Amino acid sequence: MSPSITTNGTKGSIETPPRAPSPVHSFGTLAVHAGSPHDPSTGAVIEAISLSTTYAQTGVGKPIGAYEYSRSSNPNRDNFEVAVAALEKAKYALAFASGSATTAVILQSLAAGSHVVSVSDVYGGTHRYFTQVATAHGVQVTFTPSIELDVASQIRPNETKLIWMETPSNPTMKLVDIRAVATVAHQHGIMVVVDNTFLSPYIQNPLDHGADIVVHSVTKYINGHSDVLMGACAFNSPELKKRLTFLQNAIGAVPSAFDCWLAHRGLKTLHLRAREASYNAQLVAHTLSTSPHVLLVNYPGLPSHPHYAIHLKQHRNGMGGGMLSFRINGGKEAAERFCQATQIFVLAESLGGVESLCEVPSAMTHSGIPQEAREKVGVWDDLIRLSCGIEDGEDLKRDLLQALEKAVVWPKINGANVNGDKASEEKLNGAVKDEKLANGDA
């Protein structure tokens, strides 16, 4: 059975269900208070962690309250889902054991023989699921690098059931006009899913632009502290609520009560963290764009970005988000040297935490994608992805500059020891000074 959306009377077309009522309070207030009732017996303003897996009943089939078994529902999960729905301006939200589990459940909701159209440069785990798992239960996925331009031509009558987008895309930071794609998709009776992980609900709300489902790896910005593995989706359709809740329980890919409690605590400061990370990324992107050691910077907040106008339309207050990527001069070796030379940016996968991270997608998060397919969408071996945290922006800027010098300048110095001895330091200082003079930066 495939999830359905209310028809509007025109054969084959659908219309997005009515949106949730406009919130009375602003984002920060909702982040702190949504899904956070005070305990009626103790008055505690922070909810307790409900670790019980089962709940007593007063009689056969008569539970005391709303809960029977924690796989089906749990107070902490319910409260977290209420909070996510509020921040995404949705009627409903569901939490899962990971972002990948969220993707799997949505794809599992499609009948065998269904067809999905997806943007080409997606998260490596999503690409893996689409190409190696979804096909096993009869769902085919077509990837396109220009979904806005060719979505209509990619649709297969009576087969295409879903359009999947990441905006910004991972890791090349391409944007998609959600409204433009959703308009075409809905004319053909097709749902639209947007992975909003890279921006978080604070910077972008895809349901406002016509999407039917918004997906998050809660592990990233929503939790924000690199200590929880979780996923979530939000939507407005009661039919989807019924179908996805059934699969959530039947498949059992649910998060623990403790993880829900932690993620809910992290969510309360999302607006503060996302705002600071976006500020830092803007500073970092500008710094990289002026460096002679950098070939290309991918960041929606730069006027040079090809989709800058979309960013102004879809993102809150013109924020570009905390993620960016860039190509370094010197190839794969320079990219690896850079990531090993940073002192604040940590060489690690993932993103969206309070700490800044760097990685080489071709060898890490996207290594499972064939090289030809990677390079076709711009994931070259010299591409570095950065997740800017909430450290002091000037410290991040200085860290990048010194790492660029070590990655690009040091190898040009004969006998230089990248680990740094006194003689090498003197040679490096001289080379850097000469290069600054040549570039007019002295």
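The values are calculated or read from the model by the stated rules, or taken from the named source; none is laboratory data. Everything quoted here is computed from the prediction, not taken from an experiment. Glycine also receives a Cβ, built like all others from the backbone with ideal geometry; neighbour counts cover every protein chain displayed. These accessible areas exclude ligands, DNA and RNA; they are computed on the full protein's heavy atoms, side chains included. Shrake-Rupley method; radii C 1.70, N 1.55, O 1.52, S 1.80 Å.
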Collect the residues in segment 396-421 that are in a helix (DSSP H, G or I), surrounded by 19 or more Cβ atoms within 10 Å (Cβ to Cβ) and modelled with pLDDT under 85, keeping them in residue-number order.
W410
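Within segment 283-381, considering only helices (runs of 4 or more DSSP H) that don't extend past its boundaries, which have at least 3 residues that are touching a residue at least 40 places away in the same chain (Cβ under 8 Å), out of contact with any Pro (no Cβ under 7 Å at 6 or more places or on another chain) and farther than 30 Å from H209 by Cα?
331-341
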Is it the case that segment 89-100 has a residue that's farther than 30 Å from L149 by Cα, open to solvent by 20 Å² or more (accessible area, probe 1.4 Å), among the charged types (D, E, K, R) and free of Cβ contacts under 8 Å to residues at least 12 places away in the same chain?
no
Just to be sure before I move on: is H225 at pLDDT 95 or above, part of a loop (DSSP other than H, G, I, E, B), open to solvent by 20 Å² or more (accessible area, probe 1.4 Å) and in contact with a helix residue (DSSP H, G or I) (Cβ under 7 Å, 6 or more places away or on another chain) in the structure I sent?
yes
Residue selected from segment 198-217 under the condition assigned to a strand (DSSP E or B) and among the β-branched types (V, I, T), by the criterion nearest to the chain's Cα centre (by Cα)
V215
Failed condition for A93, given (1) modelled with pLDDT of 95 or more; (2) among the hydrophobic types (A, V, I, L, M, F, W, C); (3) more than 18 Å from the chain's Cα centre (by Cα):
(3)
Restricting the search to segment 116-152, which residues are farther than 17 Å from V105 by Cα, of a type in the set (S, T, Y) and in contact (Cβ under 8 Å) with a residue 12 or more places away in the chain?
S120, T142, T144
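Going residue by residue through segment 318-333, is there one that turns out to be farther than 24 Å from T167 by Cα and open to solvent by less than 40 Å² (accessible area, probe 1.4 Å)?
Within segment 318-333 (the criterion being farther than 24 Å from T167 by Cα and open to solvent by less than 40 Å² (accessible area, probe 1.4 Å)), the answer is yes, since at least one residue qualifies.
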Six or more apart or on different chains, Cβ atoms under 6 Å: show the pairs whose first residue is in segment 22-49 and closer than 21 Å to P255 by Cβ and part of a loop (DSSP other than H, G, I, E, B) and whose second is among the small types (G, A, S) and open to solvent by less than 40 Å² (accessible area, probe 1.4 Å).
A34/A83; A34/A86; G35/A83; I49/A257
Read through the list (1) farther than 17 Å from V84 by Cβ; (2) open to solvent by 40 Å² or more (accessible area, probe 1.4 Å), then give the number of the only condition that V284 fails.
(2)
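Which members of segment 252-276 meet the condition of being open to solvent by 10 Å² or more (accessible area, probe 1.4 Å) and assigned to a helix (DSSP H, G or I)?
A257, F258, D259, W261, L262, R265, H271, L272, R273, R275, E276
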Only one of H115, H127 is touching an Asp or Glu at 6+ places or on another chain (Cβ under 8 Å) and farther than 13 Å from V193 by Cβ, namely H115
Just wondering, is there one or more residues in segment 69-88 that are crowded, with 22+ Cβ neighbours inside 10 Å and of a type in the set (S, T, N, Q)?
yes
